[in-house]
Amino acid sequence: MKKNTPSERLINGIIKENPTFVLMLGMCPTLAITTSAINGIGMGLTTTVILAASNLMISLLRNFIPDSVRMPAYIVVVASFVTIVQMLLQGFIPFLYSSLGIYIPLIVVNCIILGRAEAYASKNKPIPSLFDGIGMGLGFTLSITCIGAVRELIGAGTIFGKQILPLADAAAGKMGYEPVTIFILAPGAFFVLAFLSAIQNKFKLGAAKRGIDPSNPDCKGGCASCGNSMCSGKRG
Amino acid sequence: MEQMLNVSSNPHVRARMTTAKIMQLVAIALLPAAIVGIYNFGFKALAILVVSTGSAVLAEWLYDHFMHKPNTIGDFSAVVTGLLIGMNMPAGIPLWIPALGSIFAIIVVKQLFGGLGQNFMNPALAARCFLMISFAGKMTDFSVSDSFKGAVDGVTGATPLAALRDHGFVAGSSVPIKNLLIGNIQGTIGETSVIAILIGAAILLCYKVISARIPLTYIGSFAVFVIIYMLASGKGFDVNYLFTHLFGGGLMLGAWFMATDYVTSPITVKGQYVYGVCLGVLTGIFRIFGASAEGVSYAIIFCNLLVPQIERFTRPVAFGKGGAKK
């Protein structure tokens, strides 16, 4: 697949270089706000909007920003978008605003956003940068929604606030699920993150061993007849 | 464990002691306290111990089997872990909770970090804390069951420590020392009888499985902490208060059987004293100023994390180095 096309950027962000499970970036929000699936999806989409907008803006400005002050310049751009999104959230989705709390303003220093600005947007054209931002953002959203859903399911028996596993009720003598509270507390975030990372590694490494690159839809398995030198199957 | 330590050049002195023998001795040393627990709390306690031990061994076997590793249930460490988890449960707990704890201890805390000798904290205590945080209500529910054969008249269902906590530090709120020693009190299955625990500890000391350094420093520094607190709070010295703290909770079980775990305690002699004092002070802080009545398990797993640093700073000088400078 050609490099730097919109679809390649999307697949790269969501699967190949998934910011949470592969790059291991943005761990603070990942660990802190994934107490429920709805928090995960809210945080993920908020970050996606900011990431796409700031990638686009930084890519447009890439020839004007002097190299020596690029970090402060990125921060100013990102902080402007974060302020806009924060006000919009406060105005239109107040419950999400209150449940994410301090982690909205902290998006300014999210390492995914600064990382993509530094590693991609400052060196590439605006359209691929925009799609890079969207891809990374969706990858982040998908990952932390998964983490949130697993933690919520084990820790409270619900997913998106809906009761999946009926709870036990000692007073009524009803048998049912006993929530494992530790999963919606801090240690649970580490357990679930580690567990899901292990699962995706197993999937990816297993595929790489068989010579199939899961992130590349053109791959038919078997590296001999393939000329793609960037393929993870070949490198691995 | 045994396969890890390959020393090549001879001659060697062979010791009879193996990992499996040490673990068997620890399991035997735990039996007196377990038997008192079964006598006190009846059939349910036996069922809990069987389930926790069985599921620990099963989890170890299943992990080895599915990860294509050599079978390690023969080293008996899973038996000890399971037994300790069972002895840390209140007698009225549903059986799936100790089973879940055993699986967590063996698979997450021990095997995922590389098996026996590689775990960074005591598996049994990590499991206890996991369960305490997850099922706080069930883990601290010491309601008296019909099978409780002890001083039924005098028992309200709270452990001596919880009672101390609820009533604060007032003279006469504590339990008679005799009951604490023989185990006529509420508590988890293995912690009630100090005498039974000390018999077990004596077995371990006799066979030189453990040294008394860590437990004695631990208990001693904790006692000093409590005495200082009593005097500093201005209510004066109360022997019963001190002894309830020493014998009323998990301190004895923790100090003799869990703080002395080889893997998670320092190997240097100086380090062992430092570790003991850290444990004593932290337990005192957790129990007296913390939110829950018991603090032994949190103190031990917290100090487990400090062990690498303690060992770094107490490393002995190599032979022939560091003598008087001329």
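For this structure, a couple of remarks:
- Spacing of the modelled spin labels on A:Ala168 and B:Ile73, each 7 Å from Cα toward Cβ, amounts to 2.6 nm.
- The H on the amide N of A:Leu167, modeled in the peptide plane, is under 5 Å from the matching H of A:Tyr177, each at least 5 residues off or on a different chain.
- Residues along region B:125-143 losing 10 Å² or more of accessible surface when the other protein chains are present rather than the chain by itself (probe 1.4 Å): B:Phe130, B:Ile133, B:Ser134, B:Phe135, B:Lys138
- Computing FRET efficiency as 1/(1 + (r/R0)^6) for B:Lys21 and B:Ala136, where r is the C-beta to C-beta distance and R0 is 35 Å, gives about 0.40.
- Along region A:12-26 the Karplus relation, 6.51 cos²θ - 1.76 cosθ + 1.60 evaluated at θ = phi - 60°, assigns HN-Hα couplings of 4, x, 7, 10, 5, 10, 3, x, 7, 8, 10, 7, 6, 9, x Hz to successive residues, with x for each Gly and Pro.
- Cross-link pairs B:Lys270/B:Lys321; B:Lys178/B:Lys235; A:Lys162/B:Lys138; B:Lys21/B:Lys178; A:Lys125/A:Lys204 - those with Cα-Cα distance over 28 Å: B:Lys21/B:Lys178; A:Lys125/A:Lys204
- For region A:127-133, putting each phi into the Karplus relation 6.51 cos²θ - 1.76 cosθ + 1.60 with θ = phi - 60° gives couplings of 5, x, 5, 4, 6, 4, x Hz, in residue order, rounded to whole numbers and with x for Gly and Pro.
- Residue mean of other protein chain beta carbons inside 10 Å, B:107-113: 1
- Estimated at 0.36 nm per residue, the fully extended path between B:Ala212 and B:Leu231 surpasses their Cα-Cα distance by 4.0 nm.
- Buried solvent-accessible surface, both chains (A, B), 1.4 Å probe, Å² to nearest 100: 600 Å²
- Residues A:Ser7 and A:Ser98, FRET efficiency given R0 of 22 Å [Cβ-Cβ distance, rounded to 0.05]: 0.05
- Per-residue ellipticity at 222 nm computed for the protein assembly as shown from its helices equals -17500 deg cm²/dmol, with DSSP H segments shorter than 4 residues left out and the rest contributing -39,500 (n - 2.57).
- For the protein assembly as shown, the share of accessible area belonging to carbon and sulfur comes to 69 percent (1.4 Å probe, ligands and nucleic acids excluded).
- Across chain B, Cα pairs under 8 Å and at least six residues apart give a relative contact order of 18 percent.
- For A:Ile159, the amide hydrogen comes within under 5 Å of the amide hydrogens of A:Ile164, counting only partners 5 or more places away or on other chains and with H modelled in the peptide plane.
- Cα-derived Rg over Rh, computed across the protein assembly as shown with Rh taken as Kirkwood radius: 1.05
- Partner chain coverage, peptide A:179-191 - average Cβ within 10 angstrom: 3
- Placing R0 at 35 angstrom, the Cβ-Cβ distance between B:Phe319 and B:Ile28 gives a FRET efficiency of 0.40 after rounding to 0.05.
- Distance between region B:37-86 and region B:172-233 - C-alpha centres, whole angstrom: 25 Å
- From phi via Karplus (6.51, -1.76, 1.60), per-residue ³J(HN,Hα) for region B:219-228 in Hz, x at Gly/Pro: 5, x, 5, 5, 4, 4, 4, 5, 5, 4
The values are calculated or read from the model by the stated rules, or taken from the named source; none is laboratory data. Keep in mind that what you see is a predicted model, and the values were worked out from it rather than measured. A quick note on method: Cβ atoms are made from the backbone with ideal geometry, for glycine too, and the neighbour counts reach across all protein chains shown. Heavy atoms of the whole protein, side chains included, go into the accessibility calculation; ligands, DNA and RNA do not. Shrake-Rupley method; radii C 1.70, N 1.55, O 1.52, S 1.80 Å.
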